[in-house]
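Here is the structure we will look at.
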Amino acid sequence: MSERLSLEEGEFLVRLARDAIVEYLRSGRKIRRDPPSERLREKRGVFVTLKRHPSDELRGCIGFPEPVKPLVEATVEAAISAATNDPRFPPMRDPREMKEVRVEVSVLTPPRRLEVSNPKEYLERIEIGRHGVIVRRGANSGLLLPQVPVEEGWDVMEFLSHACLKAGLPPDAWCSPDCEVYVFEAQVFEEVEPEGEVREKRLTEE
């Protein structure tokens, strides 16, 4: 597992994501910022989640599951896409909408495939609050971040079933031998309120 980020680094990424969206909606330009540490230049997977405040209703969530870009660059691109390119929601056009939206940034470990002899083993191998999952079969793929089952109150079977549905597959597709299941972990930083204090989100009891 890569080194954990400090709260200062997490706060930088959350502010960066917010500023990237606001600047893009105002001018159509992508911002560039020098990060406070070299770790933020490393290639890491990252997702940016936007939630309406105070309802916590999802407004957009897009990212990079794999470490294909430097973290600062990936955060900017994921933030802009979450605001303007999530097919589940109308594109955000007015930067003032961001005053009613909380920003959450999830920095991911590289996904690893779970090798099992029987799909039922997934139920023992996946930990709620620790693991995010990716379900793949053929060209279909669905990803859910580790905070989702905690927020929704799902058990592992429900978690896998919803990941299958997100991939456009039947909910029990994870039981099929030609279905691949990957897990990853995430360090999650979030605004307490729009433009407010940034904290690290705890997914499990310490």
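The values are calculated or read from the model by the stated rules, or taken from the named source; none is laboratory data. The shown structure was predicted, so the numbers you read here are calculated from the model rather than taken from an experiment. Counting neighbours? That spans all protein chains shown, and the Cβs are built from the backbone with ideal geometry, glycine included.
Quick notes on this structure:
- The number of residues in the stretch 157-187 that are touching a Lys or Arg at 6+ places or on another chain (Cβ under 9 Å) and in a loop (DSSP other than H, G, I, E, B) comes to 6.
- Unmet criterion (only one of (1) among the small types (G, A, S); (2) touching a residue at least 40 places away in the same chain (Cβ under 8 Å); (3) farther than 19 Å from A186 by Cβ) for G63: (3)
So that you can scan it fast, the table gives a plain yes or no per residue for (1) surrounded by fewer than 19 Cβ atoms within 10 Å (Cβ to Cβ); (2) farther than 29 Å from P119 by Cβ; (3) at pLDDT 95 or above; (4) not assigned by TED's automatic domain parsing to the domain that holds V116:
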| position | (1), (2), (3), (4) |
| --- | --- |
| G168 | yes, no, yes, no |
| P171 | yes, no, yes, no |
| W174 | no, no, yes, no |
| P177 | yes, no, no, no |
| E180 | yes, no, yes, no |
| V192 | yes, yes, yes, yes |
| E195 | yes, yes, yes, yes |
| E206 | yes, yes, no, yes |
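- Test for P146: is it surrounded by 21 or more Cβ atoms within 10 Å (Cβ to Cβ) and under 19 Å from the mean Cα position of the chain (by Cα): yes
- Of all residue pairs spaced 6 or more apart or on separate chains, those with beta-carbon atoms under 7 Å, a first member in the stretch 1-29 that is outside the structural domain of K99 (by TED's automatic domain parsing) and a second member that is crowded, with 19+ Cβ neighbours inside 10 Å and part of a loop (DSSP other than H, G, I, E, B) are M1/E185; S2/R44.
- Subset of the stretch 87-138 (residues that are hydrophobic (A, V, I, L, M, F, W, C) and within 30 Å of P170 (Cβ to Cβ)): F89, L108, L114, V116, L123, I126, I128, V133, I134, V135
- Per-region count, the stretch 95-141, residues within 30 Å of V22 (Cα to Cα), among the hydroxyl-bearing types (S, T, Y) and either surrounded by fewer than 17 Cβ atoms within 10 Å (Cβ to Cβ) or touching an Asp or Glu at 6+ places or on another chain (Cβ under 7 Å) (or both): 1
- Sole exception among (1) touching a residue at least 60 places away in the same chain (Cβ under 8 Å); (2) in contact with a Leu (Cβ under 7 Å, 6 or more places away or on another chain); (3) more than 13 Å from Y24 (Cα to Cα); (4) not β-branched (V, I, T) for R102, by number: (2)
- Residues satisfying the stated conditions in the stretch 5-35, i.e. in a loop (DSSP other than H, G, I, E, B) and loosely packed, with under 13 Cβ neighbours inside 10 Å: G28, R29, R32, D34
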